[in-house]
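Q: The structure under discussion is supplied below as structure tokens; questions concerning it will follow.
We did not get these values from a lab; they are worked out from the coordinates using the rules stated. All values reported here derive from a predicted model rather than from experimental measurement. Using ideal geometry, Cβ is built from the backbone for each residue, glycine included, and neighbour counts are taken over all protein chains shown.
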Amino acid sequence: MAVISRINPIVEALQSDPKSIQRIFVEKAPLRGRLEDVIRLAKNRGVPVSLVPRPVLDRMEQGHQGIIARIVLKSFSTLEDILTGASRPFLLLLDEITDPQNFGALIRTAECAGVDGIIVPERRSSGLTEVVYRVSAGAAQHVPIAPVKNLARTMDELKKAGIWLVGAESGGENEWDEFDFTLPTGIVLGSEGRGLRPLVRRSCDAVLSLPLAGRVNSLNVAAAAAVFLYEVVRQRKKIPAD
């Protein structure tokens, strides 16, 4: 269970997955503007709304906007579940992403790009927290996420299943678009600080990089993910759907 205390993510949840919202609490005061719109949307979607004094909201979450939604977070998926539902797998593998802000942004981008699932190590990875849900704008409720005991070993299993794994890291052999992403593909991204671990890097079929023309020598991991994931989308739009 988690709470969301910002209006935009609450609206996103109401529009995309109202069943995930257990109840919405709104400050008992003259309603106006967006709060009225949210209450109207909640009632249309069958989500219960309670009007409560502001101190009640303050005890639930500081920094709220006069409204709080109590969310039932989804459980993790399994790797088998993800692969069963994928005709030409499009995966995102995250190697020890611990920052919930980055994890939420990665989930949002992955869901928008249409990935079949996200694979993360069981340890040293961010969980599905309220921050992750808020930053993902509700996407965390939709894209399957599978934790695995050993990411490098899982990568070997994926390769045996015919999935090509492409690491995204500076110093790669080629640039980001020099790969046939119409193949079953998994994009592999490393942690915010040290990038791909050596064993994970060696398990990739290719390691590609983005050209950097400025003075900063790296992109935020979520920004890099967006470029790689949408290169997959771009290439696959050119071929007939399965």
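Q: Taking H placed 1.01 Å from N in the peptide plane, check which residues at least 5 places from residue 23 or on another chain put their amide H under 5 Å from its amide H.
A: When sequence neighbours closer than 5 places are left aside, the close amide H contacts are 70.
Q: Where a ≥ b ≥ c are the square roots of the eigenvalues of the C-alpha gyration tensor, would you call segment 79-236 rounded, which needs a/c under 1.5, or, failing that, prolate if a/b is larger than b/c, or oblate?
A: Working: a/c = 1.29, a/b = 1.06, b/c = 1.21.
In terms of gyration-tensor shape, rounded.
Q: Tell me, what ³J(HN,Hα) does each residue in segment 11-20 have, in order and in whole Hz, if you take phi through Karplus 6.51 cos²θ - 1.76 cosθ + 1.60 with θ = phi - 60° and put x for Gly and Pro?
A: 4, 4, 5, 5, 7, 9, 8, x, 5, 7
Q: What percent does the relative contact order of segment 137-213 come to when contacts are Cα pairs within less than 8 Å and at least six residues apart?
A: 39 percent
Q: Just tell me which lysines come within less than 22 Å, Cα to Cα, of residue 160; anything on the same chain fewer than 8 places away is out.
A: 149
Q: Separate question: Excluding residues on the same chain fewer than 8 positions from residue 28, give the lysines whose Cα lies under 28 Å from its Cα.
A: 19, 43
Q: Given the Cα-Cα distance of residue 202 and residue 156 and 0.36 nm per residue of separation, how much length would full extension add, in nm?
A: Values: separation 46, 0.36 × 46 = 16.56 nm, distance 1.04 nm.
Gain in length upon complete extension: 15.5 nm.
Q: Assuming R0 = 30 Å, can you tell me the calculated FRET efficiency for the pair residue 212 and residue 8, based on Cβ-Cβ distance, to the nearest 0.05? Working shown, then result.
A: Working: r = 32 Å, r/R0 = 1.06.
It comes to 0.40.
Q: Between 198, 184, 18, find the one with the highest GNM mean-square fluctuation for the chain; connect C-alpha pairs within less than 10 Å.
A: Fluctuation is largest for 198.
Q: Gaussian network model of the chain, Cα springs within a sub-10 Å range: biggest mean-square fluctuation belongs to which of 138, 63, 162?
A: 63
Q: If amide hydrogens are placed 1.01 Å from N in the peptide plane, which non-local residues have theirs closer than 5 Å to the one on residue 93?
A: 119, 187, 188, 189
Q: For segment 194-211, just list the computed ³J(HN,Hα) in residue order, Karplus coefficients 6.51, -1.76 and 1.60, θ = phi - 60°, integers in Hz, with x standing in for Gly and Pro.
A: Computed from phi, the couplings for segment 194-211 are 10, x, 6, 5, x, 5, 5, 4, 5, 7, 7, 6, 8, 10, 10, 9, 9, x Hz.
Q: What residues have an amide H closer than 5 Å to that of residue 145, excluding those fewer than 5 places away on the same chain, when H is modeled at 1.01 Å from N in the peptide plane?
A: 77, 118
Q: For segment 74-81, take each phi angle, set θ = phi - 60°, evaluate the Karplus expression 6.51 cos²θ - 1.76 cosθ + 1.60, and give the result in whole Hz per residue in order, putting x for glycine and proline.
A: Each residue's phi maps through the Karplus curve to give 6, 8, 5, 9, 10, 4, 4, 4 Hz.
Q: Same structure again: Name the residue, out of 93, 83, 165, whose mean-square fluctuation peaks in a Gaussian network model built on the chain with Cα pairs under 10 Å.
A: 83
Q: Of the DSSP beta bridges with both residues in segment 144-242, give the percent that are antiparallel, rounding to the nearest 5.
A: 10 percent
Q: Tally the DSSP beta bridges in segment 79-236 and give the antiparallel ones as a percent, rounded to 5. Intermediate results must be reported in sequence, preceding the final value.
A: Working: 1 of 23 bridges.
Around 5 percent antiparallel, to the nearest 5.
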